[in-house]
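Working notes, structure below.
What follows draws every value from the coordinates through simple rules; no lab data is involved. The shown structure was predicted, so the numbers you read here are calculated from the model rather than taken from an experiment. Every residue, glycine among them, receives a Cβ derived from its backbone with ideal geometry; neighbour counts consider all protein chains shown.
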Amino acid sequence: MGDIINPYGKPIISVETDFCGRRLSIEINRVGFRSSASVIVRYGDTVVLGTAMVSNTATEGFDYFPLSIDYEEKFYAAGKISGSRYVKREGRPSDEAILIGRLIDRPIRPLWPKGYRHEVQGIATVLSMDPSFRPDMVAMIATSTAFMLTGAPFDGPVAGLRVGLDKAGKLSAFLDSAQLEAGGLDLVVAGTSDGVMMVEAGANQVSEDQLSEAISYAHSAMQPAIALQKELLAKVNPAKQEFTLLLPDESVQKTVDKWVEGKLGANLRTPYPERNQMVQNLRDAMHEELSAKFKDYDDKKQDYDDAFTLAVHKDVREGIIKDNVRPDGRKLTEIRQLSSQVGFLPRAHGSSLFTRGITQAMNIVTLAPLSYAQSIDTMETSGEKRYMHHYNAPGWTVGEVRRLGSPGRREIGHSYLAERALLPVLPDEQSFPYAIRSVTEIMSQNGSTSMAATCSSCMALMDAGVPLKAPVSGIAMGLITETDRIYVLSDIADAEDFAGDMDFKVTGTEKGITALQMDMKVHGLSVDTLKKVLVQAKDGRALILKHMLDTIPAARDELSQYAPRVESIQINPEKIREVIGRGGETIQKITSETGAEIDIEDDGTIRISSPDMASINAAKQWIQSITAEPEVGKIYENVPVVSVLDFGAFVQILPGKDGLVHVSEMSETRVAKPSDVVKEGDRVTVKLVAIDDRGRLQLSMKAAQRALKDSRDEN
């Protein structure tokens with residue numbers, strides 16, 4: 001096998017280390033010659049290409065950092081061709097790919113300097129996938145390394161680790177999906193050498209202590225990957241990029257700071273939404289007064305507006321640090337006012353409205369047969385998804401005019417978090433054979449809509465009669481750091497989120513945590529601090545859960561009258577073909593005449609569903625008649641005569657099952673000719689008296705009449 005010659009004359013450089021029991025290697029200068037930086041990262045049989053592009057000049061007019069990070073799934077990486085019949089090439093990213101892109105973005109974004117306005121793009125492309133573990137954390141390492149090698153002011157490196165519990169109950173990294181599910185913990189931690197930048201977890205009601213221990217384990221175990229990136233950086237020593245930070249004009253900030261003196265602080269400590277309106281009124285007044293004072297004000301209006309926002313954020317922080325009072329007057333551990341309602345949409349299978357402060361989430365639950373489960377076909381997995389949570393938040397929920405479109409990365413992320421929060425407490429398919437769609441329609445936003453979505457979806461599921469193992473509540477926590485002191489805030493609103501240093505969302509039951517998502521806005525956090533946040537969040541979750549249970553104490557005993565009922569029967573798998581019929585003729589006839597939906601599995605399980613139990617019973621009887629086996633001694637009433645011969649008549653006791661009634665078995669008296677008693681098309685009652693060694697059925701009208709007479713006499 002030959003080797004690649006770099007057209008720029010650069011040597012191929014590679015570094016490697018032992019990382020959680022496998023060899024981790026990072027290589028540059030083999031591919032991606034025109035990119036700002038590109039790396040190939042190998043771990044086991046997983047190979048990820050990380051590319052970075054950084055523009056040479058800052059982009060004027062942006063009031064945000066134009067960073068985009070994407071994760072590219074390639075079916076060929078897993079040796080697969082897409083299961084779609086019509087589209088075989090990769091198209092729109094799957095939800096899973098979008099979520100992983102967000103997962104990589106979240107620990108990296110805070111490590112760029114404020115005011116940096118160069119366009120930056122990172123792409124992690126999976127070229128080969130080792131099926132024994134997920135490739136997302138290798139992709140995070142590849143993306144971080146590529147950014148480090150651009151020479152841009154990225155304050156990395158960053159690494160991530162996915163951690164779970166092995167069969168022995170010990171913490172371990174790079175477990176496969178089955179092991180993660182069996183262990184009841186799927187935790188992703190990302191960080192730098194100094195602290196934790198991001199945490200995301202799904203858990204089966206684990207304790208705060210267990211989760212804290214797992215976070216600590218992950219942060220320690222990821223350090224070799226961080227050290228390896230630093231080793232490569234020292235070998236390459238990329239040229240530093242020259243850049244200018246687009247920061248607010250200091251004179252503008254001083255002018256605004258002077259103008260707001262005496263107008264903030266206690267003057268604004270009023271519950272939402274009054275506080276929001278007071279801040280807006282103050283902002284408008286500033287613009288009106290200063291525009292009359294400065295001739296060039298219109299040219300710098302956005303700068304003054306940004307400076308006002310910074311002044312308000314600074315005031316929020318000072319109020320918490322100096323007075324231990326939050327912007328709306330709450331104490332640090334205080335939860336906003338709660339109210340909720342269930343069952344207010346008459347035709348929905350389950351519905352709820354959950355309100356916390358001015359954040360409000362409506363949730364609607366719809367039940368359907370399992371055949372309505374979502375098909376999943378990605379690089380990593382193919383299968384079905386039975387529980388689906390969808391989240392929608394139009395512009396009017398924040399008072400904006402915004403074009404409607406397909407869900408963005410934020411909507412998909414919030415959907416996933418709320419979905420993950422409830423997954424551990426859903427009943428299994430055997431006890432509750434339904435596909436479940438839960439849709440959260442945000443009605444108003446002012447902080448932590450994903451946690452409102454969690455609470456509202458839990459209540460709507462209970463309203464729908466879904467027998468949850470335990471109810472789940474969620475809360476968003478915030479953090480203000482000042483030198484060596486930290487201030488933990490329960491149930492943060494927008495003002496505290498924007499001004500704070502952390503967004504920490506945690507969901508769980510009384511027993512333990514089911515989902516977690518934490519993002520830092522500063523350079524890392526210690527595990528001890530995270531543990532303190534988890535403990536304080538537990539109290540907040542308990543208070544919110546109590547309110548929810550005051551509204552609906554338990555799942556309803558009965559499903560909505562509009563929800564389908566599902567019944568299961570088991571047949572011999574060899575009989576499936578008979579139920580389906582030639583070209584599906586039989587099953588189509590059953591569904592069209594009874595109105596029931598029928599799902600058949602390979603093991604012979606048949607699920608029959610309909611809102612009308614009469615339809616279910618009719619379909620059930622029809623299928624049982626097709627699949628039933630003849631029983632010796634059983635009486636078959638009102639069954640048809642299919643042919644009459646000289647020596648007897650053939651009678652069909654079951655579909656496709658005919659038996660002979662010999663002339664001697666037609667009556668207690670002598671019968672000369674069978675045609676004297678029956679003719680083709682007549683319906684008679686017979687008893688199956690024997691099945692011979694060739695499988696032939698021997699029927700008797702005489703024995704049936706005798707048995708029915710004896711039964712009447714006994715009664």
Which distance in Å, rounded to a whole number, links the C-alpha centroids of region 138-206 and region 1-33? 23
In whole angstrom, how far apart do the alpha carbon centroids of region 354-384 and region 537-608 sit? 16
In the chain, taking the dipole from +1 charges on Lys and Arg beta carbons and -1 charges on Asp and Glu beta carbons about the Cα centre, the listed residue (Pro107, Ile123, Phe19) farthest towards the positive end is Ile123
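I need to check one value: relative contact order of the chain, counting alpha carbon pairs closer than 8 Å and at least 6 residues apart, in percent. Walk me through the numbers before you get to the answer.
Working: 1465 pairs, mean separation 69.9, N = 715.
That works out to 10 percent.
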Check cross-link reach from Lys88 to the lysines: straight Cα distance under 28 Å, and skip same-chain residues fewer than eight apart. Lys74, Lys80, Lys385
Compute the length gained on full extension between Ser592 and Arg485: take 0.36 nm times their separation in residues and subtract their Cα-Cα distance, giving the result in nm to one decimal. 31.6 nm
Set of lysines with alpha-carbon distance to Lys170 below 28 Å, sequence-local pairs under 8 removed: Lys469, Lys505, Lys511, Lys531, Lys532, Lys538
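Counting other Cβ atoms within 10 Å of each Cβ, which GluC sites (Glu not before Pro) in region 640-713 have at most 12 and sit in a DSSP loop?
On the way: sites: Glu665, Glu668, Glu680; in loops: Glu668, Glu680.
Sparse-neighbourhood loop GluC sites (Glu not before Pro): Glu668, Glu680.
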Region 1-105: GluC sites (Glu not before Pro) in DSSP coil with no more than 14 other Cβ atoms inside 10 Å: Glu60
Straight-line reach from Lys679: which lysines have Cα under 25 Å away, leaving out those fewer than 8 places along the same chain? Lys634, Lys657, Lys687, Lys702, Lys709
So, with points 7 Å from each Cα along the Cβ direction, the Glu213-Ala239 label distance in nm works out to 5.2
How much mean residue ellipticity at 222 nm does the chain get from its helices, if each DSSP H run of length 4 or more adds -39500 (n - 2.57) and you divide by all residues, to the nearest 500 deg cm²/dmol? -10000 deg cm²/dmol
In whole angstrom, note down how far apart the Cα centers of region 647-698 and region 276-322 are. 97
What ³J(HN,Hα) values, in whole Hz, does the Karplus curve 6.51 cos²θ - 1.76 cosθ + 1.60 give for region 319-330 when θ = phi - 60°, with x put for Gly and Pro? x, 6, 6, 7, 10, 6, 10, 8, x, 9, x, 6
Would you mind getting me the FRET efficiency between Leu708 and Arg577? Use the beta-carbon distance for r and R0 = 41 Å, nearest 0.05. 0.70
Run the simple label-point estimate for Ala470 and Tyr297 please: 7 Å along Cα→C-beta, distance reported in nm. 5.8
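Any chance you could run the full-extension gain for Glu288 through Lys385? It's 0.36 nm times the residue separation minus the Cα-Cα distance, nm to one decimal. Please report the intermediate quantities before stating the final value.
Details: separation 97, 0.36 × 97 = 34.92 nm, distance 5.46 nm.
Additional length available on full extension: 29.5 nm.
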How large is the translational diffusion coefficient of region 338-551 in µm² per second when you combine the Kirkwood radius over alpha carbon pairs with Stokes-Einstein at 10 °C and 1.306 mPa s? 89
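Taking 0.36 nm per residue of sequence separation and subtracting the Cα-Cα distance, how much length would be gained by fully extending the chain between Asn638 and Asp323, in nm to one decimal?
Numbers: separation 315, 0.36 × 315 = 113.40 nm, distance 8.75 nm.
Net length gain for the segment: 104.6 nm.
Set the Förster distance to 41 Å, then compute FRET efficiency between Thr59 and Asp539 from the Cβ-Cβ distance, nearest 0.05. If you can, show how the numbers build up before the last one.
Working: r = 45 Å, r/R0 = 1.10.
Efficiency, from the Cβ-Cβ distance: 0.35.
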